[in-house]
Amino acid sequence: MKIHKILLLLFIPIIFFSCEEVFDCIIPREPELENKTFPIGTTESYYYVDLKAEINNEPRDQDYDYYFDVSGLPLGMDYFVNFRTISIEGTPAEVGTFDVTIFVDVDGPFRDDGADDLLCNYSTSKTYTLIIEE
């Protein structure tokens, strides 16, 4: 009897949503920033780390344009973008623990052609911890 209840709960969303929307929830196509731990830096050394963005479950993610923005960097640091890679670099001028948030938006050639396989989301963000010591 329990298995019938579980199966019923699994198929209820199909009644209220189209199949495509259900599959989008199960297999989302959206931008993603990699999980990464930033190395600890010092105020007297040049710091460099890079991150890559991709679109989950999208074999054509090379065809999209990627737009980045960053907040929370310490003084003396900046970011540079090379297609799907964002590099954070510079010589930090202040000590502390910084919450660095990276935002990415994507836009692609398939968005306006009436294709049924659009992305679930076109933007995302992730916050990383950057520690700068003396």
Under the 7 Å Cα-to-Cβ spin-label approximation, Asn57 and Phe80 lie apart by a distance in nanometres of 3.6
Distance in nm between label sites at Thr97 and Thr42, each 7 Å beyond Cα in the beta-carbon direction?
2.1
Note, ³J(HN,Hα) from phi for the range 118-125, Karplus 6.51, -1.76, 1.60, rounded to Hz, x at Gly and Pro
6, 6, 5, 9, 10, 8, 7, 8
For Ile27 and Lys126, what is the calculated FRET efficiency with R₀ set at 25 Å and r taken between the beta-carbons, to the nearest 0.05?
0.75
With a ≥ b ≥ c taken as the square roots of the eigenvalues of the C-alpha gyration tensor of the range 31-133, please select rounded if a/c is under 1.5 and otherwise prolate if a/b is larger than b/c or oblate if it is not?
prolate
Under-5 Å amide H pairs with Thr42, H placed in peptide plane, nonlocal only:
Glu133
May I ask you to give the average projected area over all directions of the convex hull of the Cα atoms of the range 51-102, in nm² rounded to one decimal?
4.0
Roughly speaking, what is the stretch gain from Val49 to Ser71, that is 0.36 nm per residue apart minus the C-alpha to C-alpha distance, in nm to one decimal?
6.4 nm
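Every number in this text was worked out from the coordinates using simple rules, so none of it is lab data. All values derive from a computational prediction rather than experimental measurement. Note that we place each Cβ from the backbone using ideal geometry, even for glycine, and neighbour counts take in every protein chain shown.
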